[in-house]
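Below you'll find the structure, written out as structure tokens, and then a few comments.
The values are calculated or read from the model by the stated rules, or taken from the named source; none is laboratory data. Computed from a predicted model, the values in this text were never measured in an experiment. Here the Cβ is made from the backbone with ideal geometry for all residues, glycine too, and neighbour counts use every protein chain on show. Only protein heavy atoms, including side chains, enter the accessible area calculation; ligands, DNA and RNA are left aside. Shrake-Rupley method; radii C 1.70, N 1.55, O 1.52, S 1.80 Å.
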Amino acid sequence: MAGTPRIALVTYDPRGEESKDRDMPVLAGALREAGAEAAVVHWDDPEVDWAGFDLALIRSTWDYSWRAEEFTAWAERCGRETRLANPVDVVRWNADKRYLGRLAEAGVPAVPTRYFAPGDPVELPDGHEYVVKPTSGAGARYAARYPAGERDAALRQTERMHAEGFTVMVQPYLTGIETHGERALQFFGGRLLHASRKGAVLEPGTPYDADKIAHPDLRPWQPTAAELDVAERALAAVPGQPELLYARVDLVTGEDGQPCVMELELIEPNLFLWLHPDSVPLVVKAILAAAC
Ligand SMILES: Nc1ncnc2c1ncn2[C@@H]1O[C@H](COP(=O)(O)OP(=O)(O)OP(=O)(O)O)[C@@H](O)[C@H]1O
Ligand SMILES: [Mg+2]
């Protein structure tokens, strides 16, 4: 590598508040200790000279989901000026959770989902509890669960989402999450790095526009062989088989008792490095390798 690697750690602008990204100080400190230049930059800062970096690593651009078009346009621009991880094609594909349908078509177990774009009449399920959420979301924003038969509140949510341009996803509420939690398998540099488990996020009766605790009861997790298999199949089904510097596969227990994909996070996953300090050297090594 010629000289000191210059790495942009790309995040959101917390607008004067403290950043919610707990990985960032751990990662920036470890990269600097390893001899790299690590700059924490806001993706939407017009002053940033992306060409001045060897690598732009998307880390915590958590406001992108309600600015998806602006964000993918930025990723296109940034990817022309420097190496972007993950690459822009991956960003574009992963920014729209209709990818869950694509995974299911490819034979990967995924949470069964119906999609209703603005203008589409919304059909709500009968006879079981269900979840309504957007195809572009983060931190359970605009996500809520409804008991079987509840329609009015759910339709108020879908009307507001449609008015704001969001496509609505409707899924069965998977009750397995109450006992088995949600497991996040984190990959980095092409291998399993670590896994975590968190409790259920959606409480009955919590309004869709309330703030939620995004990672309740988060703890390290040893993934089962079945979980690893589904996660690897999900990654293998990403179109074009791109090189992924990082990936997180979120799994829940489906109605058949087997793991299924709730979310494939290829843009800005929490890495939970503060929970898994042993993973830090591997992450630093993979980032430095990607920057050369
Ligand atoms: N079908 C479902 N059954 C049970 N729980 C669900 C379902 N869909 C969503 N949830 C709960 O809501 C949370 C947020 O949903 P999801 O991960 O799909 O959206 P998100 O906004 O991308 O969230 P995050 O960025 O926090 O991962 C999940 O972690 C889970 O606890
Ligand atoms: Mg999630």
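Scan the range 216-262 for residues that are assigned to a loop (DSSP other than H, G, I, E, B) and either open to solvent by 60 Å² or more (accessible area, probe 1.4 Å) or hydroxyl-bearing (Ser, Thr, Tyr) (or both) and jot them down.
Asp217, Trp221, Gln222, Thr224, Pro239, Gly240, Gln241, Glu243, Glu255, Asp256, Gln258
Could you list all residues from the range 234-252 that are near ligand 1 (Cβ under 10 Å from one of its atoms) and in contact with a helix residue (DSSP H, G or I) (Cβ under 7 Å, 6 or more places away or on another chain)?
Val252
Answer yes if at least one residue in the range 86-100 is over 30 Å from Ala8 (Cβ atoms) and of a type in the set (Asp, Glu), and no otherwise.
No: the range 86-100 contains no residue that is over 30 Å from Ala8 (Cβ atoms) and of a type in the set (Asp, Glu).
Given the options Arg145, Arg156, name the one that is among the basic types (Lys, Arg) and more than 16 Å from ligand 2 (Cβ to nearest atom).
Arg156
Within the bounds of the range 136-151, is there any residue that is among the polar types (S, T, N, Q) and modelled with pLDDT of 95 or more?
no
Take the residues in the range 27-39 that are open to solvent by 50 Å² or more (accessible area, probe 1.4 Å) and in contact with a Pro (Cβ under 9 Å, 6 or more places away or on another chain); name whichever of them is farthest from Ala8 (Cα to Cα).
Ala34
Please verify whether the range 168-178 includes one or more residues that are more than 20 Å from the chain's Cα centre (by Cα) and assigned to a loop (DSSP other than H, G, I, E, B).
yes
Of the residues in the range 193-215, how many are more than 13 Å from ligand 1 (Cβ to nearest atom), surrounded by 15 or more Cβ atoms within 10 Å (Cβ to Cβ) and without any contact (Cβ under 8 Å) to a residue 60 or more places away in the chain?
Summing the residues that are more than 13 Å from ligand 1 (Cβ to nearest atom), surrounded by 15 or more Cβ atoms within 10 Å (Cβ to Cβ) and without any contact (Cβ under 8 Å) to a residue 60 or more places away in the chain in the range 193-215 gives 1.
Which numbered condition trips up Ile58, out of (1) over 20 Å from Tyr12 (Cα atoms); (2) open to solvent by less than 10 Å² (accessible area, probe 1.4 Å)?
So Ile58 meets the others, but not (1).
Of everything in the range 216-235 that's among the charged types (D, E, K, R) and touching a residue at least 12 places away in the same chain (Cβ under 8 Å), which residue is farthest from ligand 2 (Cβ to nearest atom)?
The residue in question is Arg233.
Count, please, the residues in the range 145-186 that happen to be aliphatic (A, V, I, L, M), in contact with a Leu (Cβ under 9 Å, 6 or more places away or on another chain), crowded, with 17+ Cβ neighbours inside 10 Å and over 29 Å from Leu228 (Cα atoms).
Result for the range 145-186: 1.
Would you mind finding the one in Ala36, Ala68 that is more than 22 Å from the chain's Cα centre (by Cα) and of a type outside the set (Phe, Trp, Tyr)?
Result: Ala36 is the single residue among Ala36, Ala68 that is more than 22 Å from the chain's Cα centre (by Cα) and of a type outside the set (Phe, Trp, Tyr).
Out of the residues in the range 61-77 that are touching a residue at least 60 places away in the same chain (Cβ under 8 Å) and not in a loop (DSSP other than H, G, I, E, B), which is most open to solvent (accessible area, probe 1.4 Å)?
Trp66
Show the residue pairs that are 6+ apart or on different chains and have beta-carbon atoms under 7 Å apart, the first residue being within the range 236-248 and closer than 11 Å to Leu264 by Cβ, the second being open to solvent by 60 Å² or more (accessible area, probe 1.4 Å) and in a loop (DSSP other than H, G, I, E, B).
Ala237/Ala106
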